[in-house]
Amino acid sequence: MGEILASVLAKGKSTTFNGYSDHDLSSEQTLNVPFDALTKLVPLKKGTFASRYSQLYLAFIASALLHHYPLLRSGAGNYSTLTYFLIQPLAITCEDLAIHLSTKAGIRSSCKF
């Protein structure tokens, strides 16, 4: 198991015969169960502020734990990966707040995408 993990860490991810990576498949299968259970336990109306940010934070927390745990098990882990994934939803929240405040202040985007 340690050799496989070292190989995946060295390459970034391992690809299976059908083009999906082991990383993609395990994350998808692992996250569906708890998120399905959470959406049944916590009745948040879709499209609301609470729903959007709950999903954002839960997704990054789950991703942080899924990336941090194997690193700890391999002995290569420190808290930089965990910190990185936990800072992402905060950065997105700050960005959304800046966009909201600038829109209220009448500042329009100069970017045309």
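Values quoted throughout were computed directly from the atomic coordinates according to the rules given, and no laboratory measurement underlies them. None of these values were measured; they are calculated from a predicted model. Heads up, the Cβs are rebuilt from the backbone with ideal geometry, glycines too, and the neighbour counts pull from every protein chain shown.
Sorting the segments 95-103, 78-86 by their mean number of nearby beta carbons within 10 angstrom, highest to lowest, gives 78-86, 95-103. Checking every one of the trypsin sites (Lys or Arg not before Pro) in region 70-113 against DSSP loop status and a limit of 15 other Cβ atoms within 10 Å picks out R108, K112.
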